[in-house]
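The values are calculated or read from the model by the stated rules, or taken from the named source; none is laboratory data. Note that the structure is a prediction, hence the values are computed from the model and not measured. Glycine also receives a Cβ, built like all others from the backbone with ideal geometry; neighbour counts cover every protein chain displayed.
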Amino acid sequence: MPGLSLSPQPVREECPRKKLVLDDIKTAISEILTLHLDEYAAVVSGNFDSRPATQQRLRIAHEHKTLLIEMYRDHVNSHGC
Ligand SMILES: [Zn+2]
């Protein structure tokens, strides 16, 4: 993944666990965005019946993302990576 390197520190091996959790966070955020776009499309087409189900899926997706970010924070703090 191309990334900006603003760190003056020497390049070192990226922690595989850190990268895995970051990828999971990215996936979780993509799912949330997709759900919001689905919600918008449903509203535009006049379909309001699917909103409760979409809201429930969004709640679960948000909780999942929050857990992943906490997992990431805890890993980085304990591993020092
Ligand atoms: Zn690590």
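In region 62-81, of all residues being within 15 Å of the ligand (Cβ to nearest atom) and among the hydroxyl-bearing types (Ser, Thr, Tyr), the one that is farthest from Lys26 (Cα to Cα) corresponds to Ser78. In region 44-80, what residues are aliphatic (A, V, I, L, M) and under 12 Å from Val21 (Cβ atoms)? Answer for region 44-80, where residues must be aliphatic (A, V, I, L, M) and under 12 Å from Val21 (Cβ atoms): Leu67, Leu68, Ile69, Met71, Val76.
Among the conditions (1) modelled with pLDDT under 95; (2) surrounded by 12 or more Cβ atoms within 10 Å (Cβ to Cβ); (3) within 16 Å of the ligand (Cβ to nearest atom), the only one that Thr54 does not satisfy is (3).
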